[in-house]
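Just below is one structure, and these are the notes that go with it.
The values are calculated or read from the model by the stated rules, or taken from the named source; none is laboratory data. Quantities reported herein were computed from a predicted structural model and do not represent experimental measurements. A quick note on method: Cβ atoms are made from the backbone with ideal geometry, for glycine too, and the neighbour counts reach across all protein chains shown.
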Amino acid sequence: MDTSDTFSRRRFIGSAGVGLSSIAASHLMQTDGLGANVRSHFPAKAKRVIWLFMHGGPSHLDLFDPKPDLIRYAGQPLPDSYGAVETRRKVAQNPLLAPVKPFRKHGQSGIEISDFLPHMAELADEMCVIRSCHGDSVNHPQSVYQMNTGSIQMGKPSMGSWVSYGLGTENADMPAFVVMPDPSGGLKGGPAAWGSGYLPATYQGTTMRAGQHPILDLQSPQSSARQRATLNLIQQMNAGHLARHGGDPVLDARIRAYELAFRMQTAAPEAVDMAGESEATKHLYGIDQPKTQEFGTRCLLARRMIERGVRFVQVYSGDTNGWDAHENVLKNHSDYCARTDIPVAGLLRDLKQRGLLEETLVIWGGEFGRMPMSEKGVGRDHNPWGFTTVLFGAGVKHGHVHGATDAFGLRATQDKVHVHDLHATILHLLGLDHERLTFRLNGLDQKLTGVDECRVVKGILA
């Protein structure tokens, strides 16, 4: 008999002792926010993030970036100065399209916002509107990846994973990073947008859904005590297996995932149970209205998550196509703004009245914007060269507009903010230096913002 495969009592106890101590240390590091040996590099303005991701590319030209020249020159081709002969031939068939709804000034700040968003517009003095964002791909999957992971290639860690890796969780019974996809299905780029990439798998986003069962397979048919006993035995056996395999990080992550799943069976049901929320709160989020019920429910869940120590929550609006208004901007954006405007405004008001907005950074935006030229007369194509992202809450200037696109909104021209700059700034607000938050892979220190030169956008910091 091959004694190397013998699972003796003595060997089991010895292996389990070593393995369990390793698991305990890893768990304590995760619990204390030391997964990357970092708590924070400097005092943080924000403790947590809610990212409202408008999937498909909302039109900055029809929402947050008014362009009088688009009205003045509507129906005409883009001027010659904007491109080569080939480009001019193409845009001659796709003349400039005026904003499909009027813009109006709001609040003491006078920020101009489209009539598409009347409820968000009431919070103009809370906004920090970045009108000069730009990225590197015209395609949805690559742009979704870049906005989430910093790279147009799939397989890199998402920002939520980096934040979890750097800061850990504030609640050992809940994941540090929660994602709420649009239940209507699909995301161009798929779940890799919230994956952990080359970081340990324990840092990937935990998906949560609206409805009676936000986290699938959470309920156990066993009693809590019986399940705890079962899990203890499994953990002991797993610990021995882990010790014999040199502390393999993938195996370690899976073991810790089982332990987190058990703890969540106690904590998560309470976190997602909204029976105790007042009718006034539900009305604030639009949960009592058919059009806004679904997105409003997920926005309210986002607030409940951060109240319970979740560091990073991402809420998606839009299915496979979402805000991708190729066919008809007016029809598409009327639909999606009607679904999201009340819930987003409700979330912001609720966070503020609870004193949570002072420590929470809320991000509104998509993977890119839209072209000033028309498509099929009433739609707009993708535009990664100039678009808008809106920030609220902790650490950013309120009632502030940063940067600008050109006269027609095609390209960012003033105080340009690349996606990497945006990421560096978000990390900075969380107390993390994007240059120092690294992971060693194949002999190189990898980071969210990549190898290109980027900067913290100090012009938006309060």
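Values as computed for the structure displayed
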{"quantity": "Positions within the range 47-66 being more than 17 Å from N171 (Cβ to Cβ) and either part of a loop (DSSP other than H, G, I, E, B) or at pLDDT below 95 (or both), in sequence order", "calculated": "H55, G56, G57, P58, S59, L63, F64, D65, P66"}
{"quantity": "Test: residue in the range 431-449 that is touching a strand residue (DSSP E or B) at 6+ places or on another chain (Cβ under 9 Å) and aliphatic (A, V, I, L, M)", "calculated": "no"}
{"quantity": "Some residue of the range 400-408 being surrounded by 21 or more Cβ atoms within 10 Å (Cβ to Cβ), among the aromatic types (F, W, Y) and modelled with pLDDT of 95 or more", "calculated": "no"}
{"quantity": "Those residues of the range 78-125 which are farther than 14 Å from H333 by Cβ, at pLDDT 95 or above and polar (S, T, N, Q), in sequence order", "calculated": "Q108, S109"}
{"quantity": "So A44, is it out of contact with any strand residue (DSSP E or B) (no Cβ under 9 Å at 6 or more places or on another chain) and at pLDDT 95 or above", "calculated": "yes"}
{"quantity": "Of the criteria (1) on the phi > 0 side of the Ramachandran plot; (2) modelled with pLDDT of 95 or more, which one G309 fails", "calculated": "(2)"}
{"quantity": "Residues located in the range 302-349, provided they are farther than 22 Å from A44 by Cα, of a type outside the set (A, V, I, L, M) and in contact with a helix residue (DSSP H, G or I) (Cβ under 8 Å, 6 or more places away or on another chain)", "calculated": "S317, G318, G322, W323, D324, H333, R339, T340, D341, P343, G346, R349"}
{"quantity": "Residue match in the range 245-259 (condition: under 26 Å from I426 (Cβ atoms) and at pLDDT 95 or above)", "calculated": "no"}
{"quantity": "Cβ-Cβ under 8 Å pairs, at least 6 apart or on other chains, the range 355-383 side small (G, A, S), far side surrounded by fewer than 20 Cβ atoms within 10 Å (Cβ to Cβ)", "calculated": "S374/N94; S374/P95; G379/H326; G379/E327; G379/N328"}
